[in-house]
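The values are calculated or read from the model by the stated rules, or taken from the named source; none is laboratory data. Only a predicted model underlies this, so the values are computations on that prediction, with no experimental measurement involved. Glycine gets a Cβ as well: all are built from the backbone with ideal geometry, and neighbour counts include every protein chain shown. Accessible surface is based on the protein model in full, side chains and every heavy atom, while ligands, DNA and RNA are left aside. Shrake-Rupley method; radii C 1.70, N 1.55, O 1.52, S 1.80 Å.
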Amino acid sequence: MKKIILIVSFLSLSLGLYSNASAKKYAEELCELESYECIKIESGDTWEKLWPDEEQRDVVRRANRMNIRLQNGMTIAVPKNLPSLSIYDVAPFPRYIDSHGEKVIFVSQTKLAWGAYDEEGELVWWGPISSGKDYCGGVGKSCKTPGGSYRIFRRQGVGCVSTAFPRRRSGRNGGSRMPYCMHYYRGYALHGFAIVPGERASHGCVRLFPEDAKWLNQDFIALPKGDYRGTKLIIEDI
């Protein structure tokens with residue numbers, strides 16, 4: 001277990017980016033790397049217009065850690081040599097680790113990314129995340145995502161909703177969509193969300209691209225059964 005946590009700690013320092021992911025959009029941090037060039041979004045620009053090729057568009061969206069609609073004035077980091085790159089070329093995780101013979105999901109809050117490793121320790125897929133903010137005005141306190149080692153113990157499908165958010169004056173809270181949620185600690189879950197904005201912005205859960213949440217939920221994780229305690233999840237503390 002110490003070895004796994006050390007791997008995550010190493011990842012948080014290895015790419016030369018700032019450690020405080022909430023200080024600025026992740027795209028702006030990428031702009032400081034020689035392997036990226038940055039553009040300013042103009043009125044009328046869309047993901048599809050700027051990157052008609054679906055695979056290239058996916059690389060750019062994942063590199064910038066966002067799935068939100070482009071708006072005038074936004075900064076977007078574009079990997080150099082984009083046509084020759086794959087998703088794995090811009091991954092913030094090593095391709096192979098010692099997974100100790102079981103599947104594991106890493107969540108890096110500084111890299112705003114998750115990575116899924118199979119039993120052989122190979123990175124099979126990765127994607128952006130948005131974890132909890134330092135302070136949530138609606139609840140009047142920190143809503144940071146707690147770090148640590150967990151196990152996925154429950155999952156729901158596309159109809160999963162929050163029982164706590166949004167908060168309403170009437171006291172009848174809840175209703176926010178959390179498609180393909182995967183609970184790992186109390187009410188905390190990995191789940192799909194339409195707004196992954198390139199920074200920490202959630203109320204504590206870990207937001208994923210909806211398509212990533214669906215894949216993890218249906219094709220990767222396993223729930224507790226017999227002596228098996230569920231898929232391992234390691235979340236970097238910040």
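Before moving on, here are some points about what is shown:
- For Leu233, the residues 5 or more places off, or on other chains, whose built amide H falls under 5 Å of its own are Ile105, Tyr150, Arg151, Ile152.
- Entries of Lys103/Lys144; Lys141/Lys214; Lys111/Lys144; Lys111/Lys232 with Cα pairs more than 24 Å apart: Lys103/Lys144; Lys141/Lys214
- For q = 0.14, 0.19, 0.25 Å⁻¹, Debye-computed log10 I/I(0) when each Cα of the range 37-88 counts as one equal scatterer: -0.31, -0.58, -1.02
- Cβ-based net charge around Asp118, under 14 Å, with every Lys or Arg adding one and every Asp or Glu removing one: -3
- Estimated FRET transfer efficiency (Gln56, Glu119; beta-carbon r; R0 25 Å; 0.05): 0.20
- Amide H contacts for Trp125 (H built 1.01 Å from N in the peptide plane; partners 5 or more residues away or on another chain; cut-off under 5 Å): Ala116.
- Surrounding net charge for Ala194, when Lys and Arg each add one and Asp and Glu each subtract one, Cβ distance under 15 Å: +4
- Only aspartates and glutamates eight or more places from Lys80 in sequence, or on another chain, were considered; those with a Cα closer than 18 Å are Glu28, Glu29, Glu32, Glu34, Glu37, Asp53, Glu54, Glu55, Asp58, Asp89.
- Just the protein heavy atoms count here, and of the accessible area of the range 26-110 at 1.4 Å, carbon and sulfur take up 44 percent.
- Per-residue 3J(HN,Hα) values for the range 42-47, derived from phi via the Karplus relation 6.51 cos²θ - 1.76 cosθ + 1.60 with θ = phi - 60°, read 10, 4, x, 6, 9, 4 Hz in sequence order (x marks Gly and Pro).
- Close amide H partners of Cys136, meaning residues 5 or more places away or on another chain with modelled amide H under 5 Å apart, are Lys141, Ser142, Cys143.
- 3J(HN,Hα) from dihedral phi, the range 97-104, Karplus parametrisation 6.51/-1.76/1.60, rounded to Hz, x for glycine, proline: 9, 8, 8, 6, x, 9, 5, 8
- Per-residue HN-Hα couplings for the range 116-124 [Karplus 6.51, -1.76, 1.60; θ = phi - 60°; Hz; x = Gly/Pro]: 10, 10, 7, 4, 8, x, 9, 5, 9
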